[in-house]
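Quick notes on the structure that follows.
The values are calculated or read from the model by the stated rules, or taken from the named source; none is laboratory data. Worth saying up front: this structure is predicted, and the values here are computed from it rather than measured. Heads up, the Cβs are rebuilt from the backbone with ideal geometry, glycines too, and the neighbour counts pull from every protein chain shown. Ligands, DNA and RNA are excluded from the accessible area calculation, which covers all protein heavy atoms including side chains. Shrake-Rupley method; radii C 1.70, N 1.55, O 1.52, S 1.80 Å.
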Amino acid sequence: MTIKTPEIESSKNDGDIELSLPLQQDLTDWQTGHEFTVVGKPHSRLEGAEKVTGRAQYSADVRLSGQLYGAVLRCPHPHAKLISIDTSEAEALPGVHAVISQNDQFDIDWYSEEAPLFSDQLRFVGDEVAAVAAVSTEVAADALRLIKVNYEPLPFVTDMDQALADDAPAIHDGDNRVEEDSEYERGDCAAGLQQADITVENEYRTQTALHTALEAHGATAHWSGDELIVYESTQGVHAIHGLLCEKLGLPMNKVRVIEQHMGGGFGAKQTLWKPTLFAALLSRKAGRPVQLLLDREGENLATGNRNSTLQQVKLGASNDGKLTAIKMTCRINAGAYATAGEASNVAGIFQHLYHCENVKTSQVRVYTNTGPAVAFRAPGYVEACFALESAMDELAHKLEIDPLELRRINYTGRDQTGDKPWSSPDGLKTCYERLDEEFGWSQRKAPSSEGSIRRGYGLAAHEWMAGMGNPPAAVFIKLNTDGSADVVTGTQDIGTGTRTVLAQVAAEAIGLPMESVRLLLGDTAIGGVAPVSQGSFTVPTLAPAVRGAGENLRRQILEAAALLLETDATTLEIKDGEIVSTEGKHKSLTVADVCDELAPQSLQAHGSRRANPTDTTIRPFGALAAEVAVDTQTGEITVIRIVNAPDCGRILNSKTANSQVIGGVTQGIGFALTEERMVDHNIGLVLNADLEEYKIPTVADIPTITHAEVNLPDLNANNTGAKGLGELPLIPAAPAILNAIFDATGLRFTQLPINRARVLAALQAQQETAE
Amino acid sequence: MKAFSYSPAPTAAEASNEKDSRAEFFAGGTDLLTRMKLNIVSPDALIDLKSADLPNGVSEQNGGLTIGALTTLRDIEQSELIAEKFPVLAQAAALAATPQIRNRATVAGNLLQRPRCWYYRNRHVDCWLKGGSDCPAATGQNQQHAIFDQSPCKAVHTSDLAPALVALNARVKVRGADGERELSIEDFFAPPTEDRRRETTLADDDVVLSIELPSDASHSVYLKAMDRKVWAFALVSVAAIKSAEGWAVVLGGVANNPVRLGPLEKALENTDASDHNALDKQHDKAFADAEPLEHNGYKVTLAKRLIRRAIEQLSD
Ligand SMILES: Cc1cc2nc3c(=O)[nH]c(=O)nc-3n(C[C@H](O)[C@H](O)[C@H](O)COP(=O)(O)OP(=O)(O)OC[C@H]3O[C@@H](n4cnc5c(N)ncnc54)[C@H](O)[C@@H]3O)c2cc1C
Ligand code: SF4
């Protein structure tokens, strides 16, 4: 038997996002109530066993024959001019194979400011000065010590407020503002404030936080002839591919970027950083593969951070709780350079979360002589949610309205900046309901006290500007002659479970059991272009394309089966790899049987991602509640429990979804209580570029975190009904904890993190005013 | 880290003889190696004490207790004898570092660990303690620093065992150039001086052999305030003992060395522990000469409250 594969999809699909549209438009059947066999199930990660047994190959595990090890020399001054650099002694050290520095005169620029790769203007502690490749990391470290650099220290400014003073040293040309203030206003904010019965106003500060991925940045670069292969720890193999080609002036078919597993990125690995390019340049110079992985110091100094912010927030409301005005002005500490990637949008949540006619926001980034900031899991929103949701809590307290009720009073089902409905207008409302159910918000006890311990409850809500996914996504499925399927994608699994979730979607769409599906990703040589895994994009970008390809393939299998069974394809279905008749006729036939008949020919299918709708704005939402205990004697804070209800549309896998909730909330607890990069502004040095004094929470700091599943399919968003989840759980954690601390103690903190020093100082001040 | 030679010492005496200023004694290595990796110390040679005939482990000796220099914090934490007779020490060990570190870290190394001051641990800073001329912490980010002025250095001693051992009136047995000697722990610790920029009085070639605890302290407690539930150095800690002889109250995390609050100890004998006003007065006196820096005033409050809590616990 021979069968003609439907030509329409395969021939027209290459790079053309419109072509699978006819197919995708049919795919509206994954409604609530649809019966799933694989999607939505708590499937364990496909690579789980490989990871926990240590067999999974991370970029750091790559060992190529003749591989050298790289290290980076960094500027010890916050601001300096490099007068001269002498690398001759390092080059002469036995075991050293290559050194690169300004002396090589590379014609490569870096950062949005287009600074030279090796600049003689060094603008932060940790700025890269040279790199070496040697037979071991020890020899490489010795070599760094032999490099003689002559610096001329320059006046510096590391504090954001001081950077805007008239007499502040200029970090680049100009006044240390990265750009003009970005302003937004709708309605008349001043009038709205005037018309308010009550206003709350505060200045909030958030700290510089570090991503602290378990796996540091780094890559192994290997030239094979004129072709460059890079094993990279990245959130976007295609982004690295494109940037490497651009920086090195290479055609794209000469560069390949590979990553099978990643030990965390959280935003900091969404763009190309210098060490990867160093690895490529060193490897070319040495004629050997070079692995350059950062140590924790380099990681903490020079691969991005969550920008600190200063936010002035004023809310106006009428006595019945309706917001009449929202005003927010903010400064963002960009560090010494502007990096590519997701922008930190502090203003967004103020414009979108609540119904309000009069809103005015203004934000500006400020240069300082510190490491450049880069997106960090929900950039801008984490910082902003703390301020807005603290202010809302204050408003609720002053108006004596329940905090949840106040949020319901100000509910909106519309995107007020675009003047169109949210794709899922009841999304946030449903989060509130689920949170109330799981946490017992309405039934919660009054704040209590036992000895010196005060207990309280707090909550926070949010939306998130991303999480909608976007084209392009191109997926190719090859049905093997034994009935198993290889799903080829160009995305990557950054530790979130992408591989597993996409395999589930493919299995569901084709009608195969999970064991019959292999999901390929993380290699630019095999998969079509896919976006960086940022902005909670990966699932809502890839899953619709995977589903499209899967449905396409299923149709082909059914057509082939229909020929074999001499029946009409519409009377057949595929379940768990078996062809079944909807009319109850039972002739046993499996997908493998169909393939067998077709062999040596085989079936294949393409799928791609259509554009997002324009008549609605796709948004994920969430709400989170915390119970906290504060020891008013010692200032110790204990988070007792957390419930998080994020609206990520359909939950494709409840187990991987739970992981995102637990991980995100954990980072939020660190942001609230312990994490802060410390800089001495007198001498300009970073004081805790390590894991000892940059304190991420430990297991003992983390309470039970409950994921209150919302699971509200958003079929306006895409054919799977799934939206992004990754960033959501982190956004509302800090303000909910802080609001619980207020509930417990009456103390309103406006500066993060809330460590002992701050709690005790506030408790002392509170006692003094009471006396 | 610079390359170095490594030699296991057969005996304490030989270790002491071999030692010069270019060498370092090496026990668990949990402090030494971190400083070497940061290039704060770059010895030419490491003399490993683990192979030497140092006493190891915990044993009862004429009414008191001997803790060998190589005893790990984990051993102390798990010793039933210590838990029963010296709870303050068992608790201090259990609250220190992490299980992995405690498996490796020795008692002697713990007392001899160098400051965690983040200027000291930054290899680009040449501060007073490292032989430089001034202390950037005094005018910088001094949240974790000393509230009692003991020297030009504002670093605190971060050993959890130290305040407990000071409270216990421990004695330290040492092998030096002139043979063995014993000194009180209060003589062992001393704030750094112009000529001796470290926190103990030990000579370069002194090997700590053991810690001797003269008498039981079954009614004792160690409280430690941290910025995280576990794995953090003490912001402030207190070791307190109540016995027939009276009270012992020693603070950690507040000065170059543990600080014994002698006058408070005396006053407590005549103060009703449930009389908060009277206690507060004693506290205010005890901290009258505290000199908090710009960012660490909270430590005074914290210390007072931890002491109060310790006293309450021991008075029940
Ligand atoms: C991550 C981390 C967290 C920590 N947290 C805590 C904490 O919370 N509380 C706490 O108290 N400590 C803490 N520490 C410190 C730790 O307890 C000490 O590093 C450890 O006790 C040192 O013992 P060691 O055997 O490893 O010493 P080593 O590192 O081997 O030596 C330390 C110093 O003592 C000298 N030395 C060692 N033994 C002798 C001897 N017998 N005679 C003479 N000199 C000697 C060495 O030459 C060296 O200078 C922490 C350490 C780390 C790395
Ligand atoms: S406190 Fe001591 S160790 Fe820290 S910077 Fe000052 S002198 Fe150096």
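Observations
- Alpha-carbon centroids, region A:538-586 and region B:1-42: separation in whole Å: 70 Å
- The convex hull drawn around the Cα atoms of region A:125-253, when projected onto a plane and averaged over every direction, covers 15.6 nm².
- Among the residues of A:754-761, the average count of other protein chain beta-carbon atoms within 10 Å of the residue beta-carbon is 5.
- D (Stokes-Einstein, µm²/s), Kirkwood Cα radius, region B:206-296, 1.567 mPa s at 4 °C: 85 µm²/s
- Over all directions, the projected convex hull of the C-alpha atoms in region A:210-340 averages 11.3 nm² in area.
- Model label points for residue A:581 and residue B:14, set 7 angstrom from Cα along the Cα-to-Cβ axis, are 9.0 nm apart.
- Three principal axis lengths of region A:486-636 [C-alpha, angstrom, descending]: 80, 38, 36
- Taking the convex hull of the alpha carbon positions in region A:41-115 and averaging its projected area over all directions gives 10.6 nm².
- Principal axis box of region A:81-145, alpha-carbon based, largest edge first, Å: 37, 21, 19
- Sum of side-chain charges, residue A:465 neighbourhood, beta-carbon under 11 Å (Lys, Arg +1; Asp, Glu -1): -3
- 15 Å beta-carbon shell around residue A:671, net charge (K/R +1, D/E -1): 0
- Ordered by solvent-accessible area of protein heavy atoms (1.4 Å probe), largest first, the residues B:197, A:145 come out as A:145, B:197.
- Carbon-plus-sulfur accessible fraction, chain A (probe radius 1.4 Å, protein heavy atoms only): 48%.
- J(HN,Hα) series, region B:271-286, from Karplus relation 6.51 cos²θ - 1.76 cosθ + 1.60, nearest Hz, glycine and proline x: 10, 6, 4, 8, 8, 5, 4, 4, 5, 4, 4, 4, 4, 4, 5, 4
- Hull volume per residue, based on the alpha-carbon atoms of region A:116-199 and their convex hull, is 214 Å³.
- For residues of B:32-39, the mean tally of beta carbons on other chains within 10 Å: 1
- Global size of region A:409-454: 16.8, 52 Å for Rg and Dmax (C-alpha atoms, Rg to one decimal, Dmax whole).
- Value in Å of the Kirkwood radius, where region A:257-398 supplies the Cα pairs that are averaged: 17.6 Å
- C-alpha center-to-center spacing [region A:56-113, region A:381-454] in angstrom: 50 Å
- Cα centroid separation, region A:187-249 to region A:623-660 (Å): 24 Å
- Unit charges on C-beta of K, R, D, E only; dipole of chain B, Debye: 1140 debye
- Projected onto their three principal axes, the Cα atoms of chain B cover extents of 60, 49, 35 Å, largest first.
- Globularity index of the protein assembly as shown is 1.02 (Cα radius of gyration / 2.2 N^0.38 Å, N = number of residues).
- Descending semi-axes in whole angstrom, ellipsoid equivalent of region B:132-211, from the Cα gyration tensor: 27, 16, 9
- Per-residue ellipticity at 222 nm computed for chain B from its helices equals -8000 deg cm²/dmol, with DSSP H segments shorter than 4 residues left out and the rest contributing -39,500 (n - 2.57).
- Peptide A:675-681 has a mean of 3 when you count, residue by residue, the C-beta atoms of other protein chains within 10 Å of its C-beta.
- Region A:581-722: translational diffusion in µm²/s, Stokes-Einstein, Kirkwood Rh over Cα pairs, 4 °C, 1.567 mPa s: 63 µm²/s
- List of region B:129-153 residues, accessible area with partners at least 30 Å² below that of the chain alone (1.4 Å probe): B:141, B:144
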